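Have a look at the structure below, then the notes.
Nothing in this text is a laboratory measurement; each read-out follows from the coordinates by a stated rule. Keep in mind that what you see is a predicted model, and the values were worked out from it rather than measured. When we count neighbours, we look across all protein chains shown, and the Cβ atoms used for this are built from the backbone with ideal geometry, even at glycine.
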Amino acid sequence: MTQTAIVNYHVHKPSRQAFELDAGGIPGNLISPELVSKKITLRDDRTNDAKATFKADSVEFAARASSVKNIGGGTDWQPAYNKELTRLLKDKVDAKEVVIFDHTIRTDDPDADRKPARNVHSDYSSTGAKQRLVDILGTNLAADWSNGHYAFINIWRPLEATINSAPLGFVMPQSVANEDWILLDLIYPDRKGQILGLAANPKHEWIYRSSMTPDDVVIFNIYDNRGQPAIAHSALDRVENSEIKSIRKSIESRTLVRY
């Protein structure tokens, strides 16, 4: 079933662009490069017979309820949740080792420190991924992992309520041209990284899953050193039911896997 949404694409510029997060030491303060809004059509994976798979499309939706009930409250929930995500990745992508290094909770509220990312992007460039590998593992262990097959994979889950607004959408990698990608700096108060923004292209094919619940997850590829495509993604400006007023809240877990 075909739906529509609004997304914010990046714009090619003659010089390097950057995001600055927590700018000026203020949590949640974001300085963004120029973006351009476009209306897109997208396929609902829930109602489409041809389901996306991680192996073929770098993204896969799955039903996977969590037994952890207090996600986001303190940190006591993290060990149990990490075990669940590790089992999920070993099951779904045949990962042999899993390192979970970040959980980001996003709330679609103007006062939230972390809001849904409303720009079409992937989390690492090749250079950024290799640097992040060293940041997480250290130089020696990173060199060992680099001799084999590793990847950065994200797992996204709704929290507290069914997603009615700002669902997460993905651009099918087969529809993206190399020249659509834009290298961007990502500047934190304590470090600097590189990500990839995506410029608009009418050939882009978008996919999402409607009305995802806290029992649903989506697994998507960010970087693979053996060449599996990164998938561009963004929160979508879209409301499923205008009579429902729940606020979108989600958790995105960043993982490093070795195959």
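Tell me, what ³J(HN,Hα) does each residue in the range 81-93 have, in order and in whole Hz, if you take phi through Karplus 6.51 cos²θ - 1.76 cosθ + 1.60 with θ = phi - 60° and put x for Gly and Pro?
Result, ordered by residue: 5, 4, 4, 5, 5, 4, 4, 4, 5, 5, 6, 7, 10 Hz.
Please state, rounded to one decimal and in Å, the Kirkwood hydrodynamic radius that the chain gives when every pair of distinct Cα atoms enters the mean of 1/r.
Result for the chain, one decimal place: 18.8 Å.
What order do you get for 58-70, 124-136 when each peptide is scored by the mean count of other beta carbon atoms within 10 Å, highest first?
Per-residue mean Cβ counts within 10 Å order the peptides as 124-136, 58-70.
How large is Rg over Rh for the range 129-174, taking Rg from the Cα atoms and Rh as the Kirkwood inverse mean of 1/r across Cα pairs?
Answer for the range 129-174: 1.18.
So if we plug the beta-carbon distance of residue 244 and residue 140 into 1/(1 + (r/R0)^6) with R0 = 45 Å, what FRET efficiency do we get, rounded to 0.05?
0.30
Just the number: Rg to Rh for the range 28-127, Cα atoms, Kirkwood Rh, two decimals.
Value, to two decimals: 0.98.
Determine the gain in length on full extension of the stretch residue 161-residue 190; use 0.36 nm per residue of separation and subtract their C-alpha separation, reporting nm with one decimal.
Full-extension gain reported as 7.1 nm.
Please list, in order, the residues from the range 118-152 whose amide nitrogen is less than 20 Å from a point placed 7 Å along the Cα→Cβ vector of residue 177.
120-122
As an exercise, take the mean of 1/r over every pair of distinct alpha carbons in the range 128-246, invert it, and state the Kirkwood radius in angstroms.
That comes to 16.6 Å for the range 128-246.
For the range 64-78, take each phi angle, set θ = phi - 60°, evaluate the Karplus expression 6.51 cos²θ - 1.76 cosθ + 1.60, and give the result in whole Hz per residue in order, putting x for glycine and proline.
Ordered by residue, 3J(HN,Hα) equals 8, 5, 9, 7, 7, 9, 10, 4, x, x, x, 10, 4, 6, 5 Hz.
Please state the charge dipole magnitude for the range 27-86, taken about the Cα centre, from unit charges on C-beta atoms (+1 on K and R, -1 on D and E), reported in debye and rounded to the nearest 20.
With Lys and Arg at +1 and Asp and Glu at -1, about 100 debye.
At 7 Å along Cα-to-Cβ for each site, give me the label-to-label distance between residue 126 and residue 39 in nm.
The two pseudo-label positions are separated by 3.8 nm.
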